1. So residue 379 passes all but one of these: (1) modelled with pLDDT under 95; (2) part of a helix (DSSP H, G or I). Which condition number does it fail?
2. Considering 174, 153, which residue is farther than 30 Å from residue 27 by Cα and in contact (Cβ under 8 Å) with a residue 60 or more places away in the chain?
3. For residue 271, only one of the following conditions fails: (1) at pLDDT 95 or above; (2) within 30 Å of residue 116 (Cβ to Cβ). What is its number?
4. Residues that are modelled with pLDDT of 90 or more, at least 2 per element: which helices (runs of 4 or more DSSP H) completely within the stretch 76-159 meet that?
5. Looking at (1) under 14 Å from the mean Cα position of the chain (by Cα); (2) surrounded by fewer than 20 Cβ atoms within 10 Å (Cβ to Cβ), which is the one condition that is false for residue 381?
6. Determine, yes or no, whether residue 333 is at pLDDT 90 or above, in contact with a helix residue (DSSP H, G or I) (Cβ under 9 Å, 6 or more places away or on another chain) and farther than 30 Å from residue 422 by Cα.
7. Can you confirm whether residue 194 is assigned to a helix (DSSP H, G or I) and either in contact with a strand residue (DSSP E or B) (Cβ under 6 Å, 6 or more places away or on another chain) or more than 16 Å from residue 306 (Cβ to Cβ) (or both)?
């Protein structure tokens, strides 16, 4: 009998988790889910985060050292950043076009606004996002540049500061090129072996994925306790989801036109990473799986995926940028219609583009960036808590959706860069967790 594909197992786990969550809501079993089900999802995410840092280090150092030519690093870096900026601009423009066309914030009943304000304005989640945004704005103009350079690589790895880890890996990889092949070989062999070990860890962790997704989805469902507010925000949520679907369509066009591959083939191969992105709301946690799918199933060389994907998980937030454009205009349509000028929307485009580069690859980071986007256009400070409260109820499900777009965008760009550098293979050979099991059992 043919073995069921991983993405179908994950989908089954997701559907059962949603059903189980609704059942627990109906019988007041939320505490049972929190105590006995949700921890298994947390364990799974922790395992993915555990291997993300060694995977970035090993794959990037090995990939850079394999290039044999420093000029190739420059070419790959420039192409990667240029494509990422281009796709992010497309995402923001799609978002702003939809929200201006549909106008989901126009005509929202005042009693609904008051109810949302009372329920969420002083919510710990809202105040936390405002505090984080304020701290980020208080930093100097070059702080983002300073933050790339670590003073202690072990601290950077412990705190999973991706840009600092990427810089260190690039630095080591370039230095390995400069000391000569003979002296560099022992260290390159170590990182090559480490990369193989971590990729095998991904295979083993993914055996647990369907059960973890069940736990994650059940935990998400029990958090939605006010269906009336969710229904009132449905038009706004549909605008975001519609924009994200258009962005997925744009990626598929790029795959067809530039990579010369079937869009359905691409979706089939990358779907496990997309489903995990949806479940975890974190492109950083999904990164090991994204790298495994891109290398072993889509055929991208390690030296390309090892650079493009970690950089993408940090600076390429197309889904988040699209959401910020829609959310900012929606909030203005509801409580600050006077701010809806063409100039302000141009500022939103620029600020959302810059904010996406600094947006952390963790759940709900987009809302922190949204505060910065709103403040860049002079949004009244006293209305900020109300603005965030307006969209807070549906932020988590939309965060799950936009993380799918972020991960899909990373995979698309890695294929485009690989194709342009002749580093894309037509016959990738996936590795299974038990390839060598017979030798050691």
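1. Unmet condition: (2).
2. 174
3. So residue 271 meets the others, but not (2).
4. In the stretch 76-159, the matching helices (runs of 4 or more DSSP H) lie at 153-158.
5. (1)
6. Criteria met by residue 333.
7. The answer is no for residue 194.
This table checks each residue for (1) touching a helix residue (DSSP H, G or I) at 6+ places or on another chain (Cβ under 8 Å); (2) surrounded by 13 or more Cβ atoms within 10 Å (Cβ to Cβ); (3) in contact (Cβ under 8 Å) with a residue 24 or more places away in the chain; (4) more than 24 Å from residue 75 (Cβ to Cβ).
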{"site": "179", "(1), (2), (3), (4)": "no, no, no, no"}
{"site": "192", "(1), (2), (3), (4)": "yes, yes, yes, no"}
{"site": "199", "(1), (2), (3), (4)": "yes, yes, yes, yes"}
{"site": "205", "(1), (2), (3), (4)": "yes, yes, yes, yes"}
{"site": "223", "(1), (2), (3), (4)": "yes, yes, yes, yes"}
{"site": "246", "(1), (2), (3), (4)": "yes, yes, yes, yes"}
{"site": "251", "(1), (2), (3), (4)": "yes, yes, yes, no"}
{"site": "257", "(1), (2), (3), (4)": "no, no, no, no"}
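The values are calculated or read from the model by the stated rules, or taken from the named source; none is laboratory data. Keep in mind the model is a prediction, meaning the values are calculated, not measured. Cβ atoms come from the backbone with ideal geometry, glycine included; neighbour counts cover every protein chain shown.
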